[in-house]
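To start, the structure itself, in structure tokens.
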Amino acid sequence: MSGVRKTFGATIALDEVDLAVRSGEVCALVGQNGAGKSTLMAILAGATRPDAGRMTLDGRPYSPKDPLEARRAGVAMIYQELSLAPHLSVMENIALGIEPSHFGLIDRARVRQTAVDALRQLGHPEISVDALVAGLSPASQQLVEIARALAMQCRVLVFDEPTSSLGVEDATTLFELIGRLKQQGLAIAYISHFLEEVKRVSDRFVVLRDGRNAGEGATAGTPAAEIATMMIGRALDDLYPRRPRTVGEPVLDVKDVMPGGATFTLHRGEVLGIAGLLGAGRTQLLRALFGLEPVRRGTVRLGVHAGRCTPHDRWQQGMGMLSEDRAGEGLAPGLSVGDNMTLAHLGDTGRGAFIVPAMQDAAARRWIDALGIRTRGPRQIVAALSGGNQQKVAFARLLHESVDVLVLDEPTRGIDVGSKAQIYALVDELVGRSKAIVLVSSYFPELLAVSDRIAVMSRGRLGRALPASEWTEHSLLMEASDARTAS
Amino acid sequence: MDGALAVDGSLGREDSLVTRVLAGLLLVVVLFAFLVGPQFVRPANLELMARQTAIVCVAALGMTMVIVAGGIDLSVGSVIALATVVTALLLRSNSGPLLAAIGAVVAGAACGVLNGVLITTLRVVPFIVTLGTMLLVRGGAKGLADERRIETPMTWLNELLRTVRGGSGILLPWGIWLTVALAIAVAIVLQYTKFGRHLFAIGSNERTARLCGVRVEASKIAVYAIAGALAGLAGVLQLSQLSVGDPTAAIGLELDVIAAVIIGGGSLAGGKGTAAGTVAGAAIMTVIQVGCSQQGLPNWVQQIVTGTIIVFAVALDRWRRS
């Protein structure tokens, strides 16, 4: 792939990216969340089309219209989320889309043979081709997925965070398998943000940062720390206003809470940052604190309130949460801007059980003006707004209910720089007014600039919170990627 | 009744939707006025059509709220039958018509609570739960009535939907006024109460509603209870037409009720629907039925026309938006 470029609206996801994967080689593609890894691989696998750039496969031009054409050409993607049909058997899944048939009738004997051959090639003949996929473990399902790619005679395999759903032993088995496939002459692209894995499995690595190539080399000769530096490599700018802060009394006390394995105390007037990569369990911790998921162990005390709480209770106790999943949870897309801002209904929008539209509009207008939200008015459907403006609507909900403790999960993910700067300024202002904030982010520069203390979450456990000045992007990344044991 | 929403002209969507449904209603009325002749739009005929719409319309108002919240209630037909039986039994035990009617509404609300509790605690989708309670309530009604029709003494309940010249009412029979009042009440609840906005939020994105502290489970139980109570009331109107408590009444009526909501702009995906649209949707179906039969067209033609309209009404709406 060379000079690949892709833009989504005004966002440039990929800018002149080059990538070469040779047969008989494992090439790791690394980069922080949002660096463009997944977009690049989606282009390779035919799920998205590039705006510019050339791709060649075995020296011939290659431009797949869809994933099926990519597979036919010999490029298959093994996704993070498995894409098997759970109600079909192993052999039906392996042969899906390429069923050998006579006059429309499926040739079951040949389907079986194809499946058995593919599994044998993988070195896993113990998987029964008659078993239902739904009954298999995640690791076996992944093998079936790989077998499907082999059955289609694929020459290039793309693994996207393949260990995220696997345990340690299964991951080791997978690494061995990848080694065998490499020896059989396949070309393998391996996406991961775990540097430890990259060190173990790959021959070469390519770093992406902000949609551009940011370095490459042979894995064996490069220490993990050096790769991490290439992944970060950017100076702070003045995105982050910061006025003097005074830390006040404790408001949120968390002791040994599962999920999350977390112990910390949050004070008024401070931002506690939680660093970690996607899938580290940060979101589960926040959801448990907010009553969206049960607290399986430990205690959460918010001011005077302890014990089981629903989100409804939390809002009343003065805690508000901003969801990381803006489209799926943060906003009700079909409702208006005003409805979305005032949905918790503690602030001023009416009398008793009734809503007075004029009051609701006035409340919404206030936030639209204060945050500079670009909308036609409080009654515009929120789905019509841009990502940054949608996020400001979701944030306005916390402001409208004037909560004291704000739980922010990836507040700046996928929004433009202007909106980001506004959100940082808001956070700073709120902390100045002695609010307390928990900020989860996988974008380390913002965490370092905005937080007073930072704790790192890795593989479901939250570490100790240290002053932000004691961390660097580098040490955060090393801690979060479990890379201390590598290199 | 939705006009007030358009004060700044920026909401637009629900308003124009209701306007379109009302335009559709006007269109079919004018069409049949041409086909059948001017007698089709005489007051007596309009009253007849209003009376025929009332039962479906009352049940459909409850269904509107359920569908707005992203649910569905297939048990309304059975609840209507149960309500006729309960009313009839209470009338025969000399309870008095008012108490009999209240009994039917309470029985309907109880069925609704059952639906809501099953949906929220078992976490089975509403379609399946209410498919089950559809049979369950129907069976209960038959058992309660000993699988017979129950004759009732004549009371003022029987006049609710009788034509105003032979019964009571001002301009229109009381049953029609009751329907109008309920439609206004449901419109107000949906647009101007926190409960109503919560229903839209649940239907639009249940996870958002939960995140915002909406008591999702309680709201769902409440909305099914209200829908059940309105179905119970529809049962009282049904009894006033039949004069007997009939456990086999209103079989398949749930589909008419759902169709009224859908023609009226409701979306089975949730988050969309208005009381005004539903009333117009129910009226469109009646106008087609009455119009076809007064034109001398057989029943099968009516069904083909109604079916076509359901599909094209929804397709048209989708096409306009995309």
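No value in this document is a laboratory result; all are computed from the given coordinates. Since the model is a prediction, treat every value here as computed from it, not as a measurement. Cβ placement follows ideal geometry from the backbone for every residue including glycine, while neighbour counts extend to all protein chains displayed.
Packing, taken as the mean count of other beta carbons within 10 Å per residue, orders the peptides A:21-31, A:134-144 from highest to lowest as A:21-31, A:134-144.
Across chain B, Cα pairs under 8 Å and at least six residues apart give a relative contact order of 33 percent. Go ahead and estimate [θ] at 222 nm for chain B from helices alone: -39,500 (n - 2.57) per DSSP H run with n ≥ 4, summed, over the residue count, rounded to 500. Taking each H run of at least 4 residues, the total per residue is -24500 deg cm²/dmol.
Run the numbers on the stretch A:250-485 and let me know its relative contact order in percent, using alpha-carbon pairs under 8 Å that are six or more apart. Answer for the stretch A:250-485 is 29 percent.
For the residue pairs A:65/A:392; B:220/B:272; A:37/A:392; B:194/B:272, the alpha carbons lie more than 25 Å apart in A:65/A:392; A:37/A:392.
Note on residue B:154/residue B:300: beta-carbon distance plugged into 1/(1 + (r/R0)^6) with R0 of 30 Å gives a FRET efficiency of 0.25. Fully extending the segment from residue A:153 to residue A:482, taken as 0.36 nm per residue of separation minus the present Cα-Cα distance, adds 114.9 nm.
Translational diffusion coefficient of the protein assembly as shown (Stokes-Einstein, Kirkwood radius from Cα pairs, 37 °C, 0.692 mPa s): 108 µm²/s. Inter-chain Cβ neighbour count for A:319-327, averaged per residue, equals 2 (cutoff 10 Å, partner chain atoms only). Spacing of the modelled spin labels on residue A:15 and residue A:356, each 7 Å from Cα toward Cβ, amounts to 5.1 nm. Hey, for a label at residue A:301 modelled as a point 7 Å past Cα toward Cβ, could you say which residues of the stretch A:430-461 have their backbone N under 18 Å away? Counting backbone N atoms under 18 Å from the label point, the list is empty. For the stretch A:250-485, what percent of Cα pairs sit more than 32 Å apart? In whole percent, the share of Cα-Cα pairs in the stretch A:250-485 beyond 32 Å is 18.
When only alpha carbons are used to place a centre, the stretch A:376-411 and the stretch A:434-455 end up 19 Å from one another. Using a cutoff of 8 angstrom between alpha carbon atoms and counting only pairs six or more residues apart, the relative contact order for chain A works out to 16 percent.
Take A:450-462, A:40-52, B:307-319 and order them by the average number of nearby Cβ atoms within 10 Å per residue, most first; the result is A:450-462, A:40-52, B:307-319. Which of the lysines could be linked to residue A:182 by a straight reach, that is with a Cα gap under 17 Å, when you skip same-chain ones fewer than 8 residues away? Partners found: A:199.
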